[in-house]
Amino acid sequence: MKIQIITLFPEMFPAVMDNSMMLKAQKNGQLDISYIDLRDFGIGPRKTVDDTPYGGGDGMLLMPEPIFNAVETAKNNDKQAKVLLMTPVGSKWKQEVAQNLSSEGGLILICGRYEGYDERILSVVDQKISIGDYVLTGGEIPAMVVVDSVVRLIPGVLGGETSAQKESFSDGKTLEHPHYTRPEDYEGMKVPSVLLSGNHADIEKWRKDNSISSSE
Ligand code: ADE
């Protein structure tokens with residue numbers, strides 16, 4: 001999957017994207033991630049990307065021109081790519097949406113900043129995404145959340161082919177059962193004996209009985 005991130009802070013990404021599973025996905029050719037610095041599309045000698053809102057009000061807004069030009073550059077690299085805008089007023093990010101996007105060939109993620117963006121940029125956006133009902137200082141952390149949760153669902157990225165299907169939320173509402181590893185007794189806290197019994201039917205039943213349903 002080709003992922004292009006439009007951001008004013010490309011240097012925020014490598015710590016997350018160039019480690020662990022995301023690094024492995026890149027090395028295996030399952031993820032091709034690149035960054036488009038919105039500042040490069042800024043206007044005038046100061047490379048301005050933001051301006052005050054018409055009608056007054058606090059804060060600054062991302063101007064349309066730098067965003068349109070950055071998206072055009074990204075689209076020239078990947079014509080079919082879906083354009084996602086990170087914004088607290090987007091539709092709520094869910095496992096099901098991650099699953100749907102994991103079969104896309106390419107994604108372009110726009111990271112918002114400041115108080116928001118000029119509404120006209122929505123004409124080049126396919127999907128607005130919020131990672132939760134709280135406001136962050138920018139769309140970079142949401143973009144990392146989106147990339148991580150999508151890329152790990154690309155077949156072959158996780159070690160066990162089945163682990164992404166079996167886990168929490170993959171059916172939209174069930175959480176996983178509790179897990180235990182060694183030691184059997186840690187300072188008096190014991191592993192449930194059924195898990196040591198070797199009886200697979202009993203273990204399966206225990207796991208089912210101890211799976212918690214999510215509130216949504
Ligand atoms: N930008 C700021 N807050 C955000 C959120 N909760 N989700 C997505 N983008 C954001």
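Quick one: would you say residue 152 is touching a Pro at 6+ places or on another chain (Cβ under 7 Å), charged (D, E, K, R) and more than 15 Å from the ligand (Cβ to nearest atom)? Criteria not met by residue 152. Going through 26, 30, 4 one at a time, which residue ends up being crowded, with 19+ Cβ neighbours inside 10 Å and under 24 Å from the mean Cα position of the chain (by Cα)? Just one listed residue meets the conditions, 4.
Residue count for the stretch 131-140, restricted to those that are buried (at least 18 other Cβ atoms within 10 Å of the Cβ) and near the ligand (Cβ under 6 Å from one of its atoms): 2.
Can you tell me which residue in the stretch 19-61 is farthest from residue 150 (Cα to Cα), limited to those that are hydroxyl-bearing (Ser, Thr, Tyr) and either out of contact with any helix residue (DSSP H, G or I) (no Cβ under 9 Å at 6 or more places or on another chain) or assigned to a loop (DSSP other than H, G, I, E, B) (or both)? Let's see the steps before the verdict.
Filtering the stretch 19-61 for residues hydroxyl-bearing (Ser, Thr, Tyr) gives 20, 34-35, 48, 52, 54.
Those left that are additionally either out of contact with any helix residue (DSSP H, G or I) (no Cβ under 9 Å at 6 or more places or on another chain) or assigned to a loop (DSSP other than H, G, I, E, B) (or both): 20, 52, 54.
On the way: 20: 15, 52: 35, 54: 37 Å.
Among residues in the stretch 19-61 that are hydroxyl-bearing (Ser, Thr, Tyr) and either out of contact with any helix residue (DSSP H, G or I) (no Cβ under 9 Å at 6 or more places or on another chain) or assigned to a loop (DSSP other than H, G, I, E, B) (or both), the one farthest from residue 150 (Cα to Cα) is 54.
Residues in the stretch 101-126 that are surrounded by fewer than 14 Cβ atoms within 10 Å (Cβ to Cβ) and either aromatic (Phe, Trp, Tyr) or within 16 Å of the chain's Cα centre (by Cα) (or both): 103, 105, 126. If the condition is being at pLDDT 95 or above and near the ligand (Cβ under 10 Å from one of its atoms), then the stretch 111-130 contributes 111, 128, 129, 130. With the condition kept exactly as written, say whether any residue in the stretch 62-74 is part of a loop (DSSP other than H, G, I, E, B), surrounded by 16 or more Cβ atoms within 10 Å (Cβ to Cβ) and over 23 Å from the mean Cα position of the chain (by Cα). Among the residues of the stretch 62-74, at least one is part of a loop (DSSP other than H, G, I, E, B), surrounded by 16 or more Cβ atoms within 10 Å (Cβ to Cβ) and over 23 Å from the mean Cα position of the chain (by Cα), which makes the answer yes. Restricting attention to the stretch 80-112, the residues that are among the basic types (Lys, Arg) and assigned to a strand (DSSP E or B) add up to 2. Taking first residues from the stretch 82-95 that are farther than 11 Å from residue 116 by Cβ and partners that are aromatic (Phe, Trp, Tyr), the Cβ contacts under 8 Å between residues at least 6 apart in sequence or on separate chains come to 94/169; 95/169.
The values are calculated or read from the model by the stated rules, or taken from the named source; none is laboratory data. This structure is a prediction, so every number in the text was calculated from the model and none was measured. Positions of Cβ are generated from backbone atoms using ideal geometry, with glycine treated the same way; all protein chains shown enter the neighbour counts.
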